[in-house]
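Comments concern the structure below.
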Amino acid sequence: MKLVIGLGNPGRKYEGTRHNVGFNVIAHLARQHGTSQAKTGFQAELVEANLAGQKILLIAPQTFMNLSGGSAVAARDFYKLQNEDVLVVCDDFNLPLGKLRLRPQGSAGGQKGLADIIQRLGGDQIPRLRIGVGPLPANWDAADFVLGRFTKDQVTEIQITIAEAADAVVQWANRGMAETMNKYN
């Protein structure tokens, strides 16, 4: 089993924001590969999925972005998994819109939800898939930018990127990090 944790903020107020692309990837995967109805647990919405024979638990923490680590550690510990079996999917305003960056480890790079997960899981050896939502415009506050919505011109591109990110998750689950990085980075 593996866990895929898509980061975002719960509630209608945050739907469609740049910060919620992780939730969007989880929703896409649930529609395409879900084998159960959504349920709650670990302070999150959960959907079981089958990704080409690999059992995956799709997790959308409902704790707000900056406290996502509580859901991550509860699910990881319940299923007795290693950190390398957890993939975090999140936004990154330092990457251009539509760019994917998959890494097996590293810093949070200013992403506070990822930072909380790294801190609570006890190290930066946590696979992550960053989705570019940038660049951050000059003179903009980062929080205001990521909590804002995509422009009409950006909506089609981000929808394509969400589908691509979902495909990358499927490949990660079945082929591993190295092969997936070679294809999607």
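The values are calculated or read from the model by the stated rules, or taken from the named source; none is laboratory data. Bear in mind that the values here come from a model prediction, so they are computed numbers and not experimental data. A quick note on method: Cβ atoms are made from the backbone with ideal geometry, for glycine too, and the neighbour counts reach across all protein chains shown. Ligands, DNA and RNA are stripped out before the accessible areas are found, and what is left, the full protein with its side chains, is counted by its heavy atoms. Shrake-Rupley method; radii C 1.70, N 1.55, O 1.52, S 1.80 Å.
If you take every DSSP beta bridge fully contained in the chain, what fraction is antiparallel? Give it as a percent rounded to 5. Bridges in the chain are about 55 percent antiparallel. Other residues within the sphere of radius under 12 Å centred on the Cβ of L58, judged by their own Cβ, net out at +2 (K and R +1, D and E -1). If R0 equals 41 Å, the separation of the Cβ atoms of Q82 and A138 corresponds to a calculated FRET efficiency of about 0.50. What percent do you get for the relative contact order of the stretch 1-124 when only Cα pairs under 8 Å and 6+ apart count? That works out to 31 percent. Using θ = phi - 60° in the Karplus curve 6.51 cos²θ - 1.76 cosθ + 1.60, the 3J(HN,Hα) couplings for the stretch 138-144 round to 4, 6, 9, 6, 4, 5, 4 Hz; x is entered for Gly and Pro. Computed about its Cα centre, the charge dipole of the chain is approximately 180 debye, with only Lys, Arg, Asp and Glu carrying charge at their Cβ. Computing Kirkwood radius over Cα pairs in Å directly from the structure and comparing it against (1) 17.3; (2) 18.5; (3) 16.0 singles out (3). In the stretch 39-185, the portion of solvent-accessible area held by carbon and sulfur atoms comes to 50 percent [1.4 Å probe, whole percent, DNA, RNA and ligands not counted]. Positive contributions from Lys and Arg (+1) and negative ones from Asp and Glu (-1), summed over other residues with Cβ under 12 Å from the Cβ of G134, come out at +2.
Pairs from the table (K2/K112; K13/K183; K55/K152) lying more than 32 angstrom apart at Cα are K13/K183; K55/K152. Could you give the angle, 0 to 90 degrees to the nearest 10, between helix 152-175's Cα long axis and the longest principal axis of the Cα atoms of the chain? Compared with the principal axis, the helix lies near 20 degrees.
Normalised per residue, the accessible area of the chain is 47 Å², obtained with a 1.4 Å probe and no contribution from ligands, DNA or RNA. Averaging the Cα positions of each part gives two centres, and for the stretch 71-110 and the stretch 1-59 these lie 13 Å apart.
Counted by Cβ distance under 14 Å from Q32, the other residues give a net charge of -2, where Lys and Arg count +1 and Asp and Glu count -1.
If you plug the beta carbon distance of R103 and L147 into 1/(1 + (r/R0)^6) with R0 = 25 Å, you get a FRET efficiency near 0.55.
When you count the other C-beta atoms within 10 angstrom of each residue and take the mean per peptide, 119-128, 17-26, 4-13 line up highest first as 17-26, 4-13, 119-128. A cut-off of 5 Å between modelled amide H atoms, ignoring neighbours fewer than 5 places along the same chain, links E45 with A60, Q62.
With contacts taken as Cα pairs under 8 Å and at least 6 residues apart, the stretch 36-85 reaches a relative contact order of 28 percent. Could you tell me which of rounded, prolate or oblate describes the stretch 126-185, using a ≥ b ≥ c as the square roots of the eigenvalues of the alpha-carbon gyration tensor, with rounded for a/c under 1.5 and, failing that, prolate when a/b is larger than b/c and oblate otherwise? Prolate, since a/c reaches 1.5 and a/b exceeds b/c. Each peptide in 83-91, 160-168, 143-151 receives the mean, over its residues, of other Cβ atoms within 10 Å, and ordering these scores from highest gives 83-91, 160-168, 143-151.
Placing dummy labels 7 Å off each Cα toward the beta-carbon, the span from A178 to K39 is 3.7 nm. A simple packing score, the average count of other Cβ atoms within 10 Å per residue, orders the peptides 129-142, 105-118 as 105-118, 129-142, with the highest score first. Counting only Cβ charges, +1 for Lys and Arg and -1 for Asp and Glu, the dipole size of the stretch 82-150 around its Cα centre is about 160 debye. Mean residue ellipticity at 222 nm, helices only, the chain: -11500 deg cm²/dmol; runs of at least 4 DSSP H residues each add -39,500 (n - 2.57), and the sum is divided by the number of residues.
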